[in-house]
Amino acid sequence: MSLTHGGGLTFVRDRQSQGANASKFWRFSLRGSEEQATLGVVFADIDTPGGEPLRAAVPDLGTQANGAVLSSILKAAASPQESRIRTFNDTANVTTSGFEHIDLYGRLGPEAMAADAGPEDGILDQLGAAMLVDSGVTHAHVIPAAYTYFGQYLAHDMSFLDWSDTAQVNGVTGAWINARNLHALSFDSLFGTAPVAGAPTSTWIDQAGASLGRATPPPAGLEETFDLPRTAPGGHHACQDARVDSNLGLAQMHVLLVRFHQQIAALLNLSPDEARVQTRRHLQAVVLTDYLPKIVPPNVYTTVKNTGRIVVTGPVGDFLVPIEFAAAVFRFGHSMVGNTYPLWTIPWPQGSYMQSQAADLNALLAYTQAGGSLPLGKVAFHWAQPWRHMVEAQNPYLSVNGVAARPISASISGMFGALKRANFPDPRDPGNLAPFNLARVTLGRGRRFGLPSGQQVATLAGGGPLSVQQFLTTRASRFPGLAGDNALCTQTPLWFYTLAEAEAHGDGRLGPVGGRVVMETILAALLKSPDSIVTEGPAGQIASDFERKVRLDPSKMNSFSLTDVVAVAYGGVD
């Protein structure tokens, strides 16, 4: 659910590699590019002193594909300071590209779905522009704003690749060392820091194996505020996942989760390893018992838990996040981003003289290292986000109204129509600084990736497809003339289909197809995680053994919420 793929290269596992984990080799093909390239990944164990061997994924440098310029990837992100990928070309000379990271994905379903041709580019142009018109949709089911950025964090954590420059495997230097948990929802990107060269821009808080930075000091009487651990010059962060600073909301969500981890370690007197287990299990409970019920239709949630997966198939050990989820369905979060958050921060303690702070999308992108608004190399205290008013629709403990996300619908903020390239440079055309329409880019990327249509995924999910023609006809003022395009109505881009289905479903959550894809993908990622709170029965049914260790409440012992996370991290919610 990141704002864009940024400068990433996307590889999708070939079907013949499905289920091939036992053979310790997977093959991936480059998607979304005119270059043809394959990437082989070999799995191997690395011995560690006195511990369980690390499972590593090693790029296979022997893979060549039709004279491709890019035939395999050697390195994902060199560091937060040098977000580049080194690649091997046909003559095995190391070259440096402008790509920031790579993504490895799987596919939905047990069999290949040949992508429909879909609508022509001109129709996608019209649709992308029309999606910037506010839907005006309201629902009784309101999703608080914090869940927008919690969802984005989940998407990044599931696809996190932990690269080591120094890992030695079969004579090759360099490997991804989290292959045992590849695409597991394990929250591993929270822990530790990446190697950095610059001096810290604040006194970091290093506790329980995780680090926080400090925002600029607040005036006397206001609580201390926190930031990513940043370094000079410019405020480059030292977090494990380079994408965490792509917007202020995501960065501050990372801060919240690290703060929770450090606090739970202190409250329970845990070692770093013990704290990691408890943090992982409590945050997984937030996903299972709080986030998913807010996003997924109740009948879909119950059905998938009771009867198992049908669209995200295969053994859990072979699971990779499907490209259809990452590039389309889970990008429903774009529609949840508000034009403006009138109360980004609020006075705390209540009654203090600090002014409430509003924020729009431009501000959320500006207060990052790439956005250029960190003159002291750290976030200003009044932009730090304690989330107290963003985790409940109405918090009776506060004197201000809760801040809600935009309803999930077939429209996104008009501010997404002119995103600045400074935040999202194009590695293939670094001189291109023209603003771009995120809706149009996302629609086009789905075509380049060869994604199936919404109708194809609906068939896979076993449900009746949405009548897109009827949807567009009844909303002709927003989508003028588009109901007459047969390809758009019968071979609908999966991302738009997901949003239209949610709007038509009408209760503020995803529709049945989008909800099932999200539910099954996240459950598979939870099942793959170490210390998981869930298990899968012989008929695919899901059981949970979670029991909370903090904020003990006899009526809520088997659940945990973002409100609970904020209460442990910061207080001030009850």
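Coordinate-derived values only; no laboratory data. Not measured: the values here are computed from a predicted model. A quick note on method: Cβ atoms are made from the backbone with ideal geometry, for glycine too, and the neighbour counts reach across all protein chains shown.
Report the Stokes-Einstein translational diffusion coefficient (µm² s⁻¹, integer) for region 322-384, Rh taken as the Kirkwood radius over Cα pairs, at 10 °C with viscosity 1.306 mPa s.
Numbers: Rh = 13.9 Å.
The diffusion coefficient I find is 114 µm²/s.
With a Förster radius of 35 Å, plug the Cβ-Cβ distance of Gln470 and Ala393 into 1/(1 + (r/R0)^6) and report the FRET value to the nearest 0.05.
According to the calculation, E is roughly 0.65.
May I have the count of lysine pairs in the chain with C-alpha atoms under 29 Å apart, counting pairs 8 or more residues apart or located on different chains?
Lysine pairs, 8 or more places apart or on different chains, close enough: 15.
Given a Förster distance of 30 Å, report the FRET efficiency between Thr302 and Thr459 from their Cβ-Cβ distance, rounded to the nearest 0.05. Don't jump to the answer; show the numbers that get you there.
Working: r = 22 Å, r/R0 = 0.74.
Calculated value: 0.85.
Using Cα pairs closer than 8 Å and at least 6 residues apart in sequence, work out the relative contact order for the chain, in percent.
20
Treat each spin label as a single point 7 Å out from the Cα along the C-beta direction, and report the Lys420 to Val277 distance in nm.
With each label placed 7 Å out from Cα toward Cβ, I get 4.7 nm.
How long is the gain from Glu120 to Leu267 if the chain were fully straight, where each residue apart is worth 0.36 nm and the alpha carbon distance is subtracted?
Taking 0.36 nm per residue and subtracting the Cα distance, the gain is 47.2 nm.
Which number do you get for Rg(Cα) / (2.2 N^0.38 Å) in region 344-442?
Details: Rg = 16.8 Å, N = 99, 2.2 N^0.38 = 12.6 Å.
Expressed relative to 2.2 N^0.38 Å, the Cα Rg reads 1.33.
Taking each full run of DSSP H in the chain as one helix, which ones are at least 20 Å long along their axis (Cα atoms) and have mean Kyte-Doolittle hydropathy of at least 1.0?
Long hydrophobic helices here: 248-268, 512-528.
Roughly what percent of Cα-Cα pairs across the chain reach past 42 Å? Could the numbers behind the result be given before it?
Values: 26375 of 164451 pairs.
Cα-Cα pairs in the chain separated by more than 42 Å: 16 percent.
For Cys239, which sequence-distant residues (separation of 5 or more, or a different chain) have an amide H within less than 5 Å of its own amide H, given hydrogens modelled in the peptide plane?
Here Ala194 satisfy the definition.
Put a dot 7 Å past each Cα toward the Cβ at Ala434 and Asn339; how far apart are the dots in nm?
Placing both labels 7 Å beyond Cα along the Cβ direction yields 2.6 nm.
Using 0.36 nm per residue, how much length does the chain from Glu224 to Val550 gain when fully extended, once their Cα-Cα distance is taken away?
115.1 nm
Using the basic label-point model (7 angstrom from Cα toward the beta carbon), what is the Ala539 to Gln355 distance in nanometres?
For the pair Ala539/Gln355, the computed spacing is 6.2 nm.
Based on the mean of other beta carbon atoms within 10 Å per residue, what is the order of 173-183, 322-332, most packed first?
322-332, 173-183
Scale the Cα Rg of region 222-308 by the rule-of-thumb value 2.2 N^0.38 Å and send over the ratio, two decimals.
Normalised Rg, Cα atoms only: 1.40.
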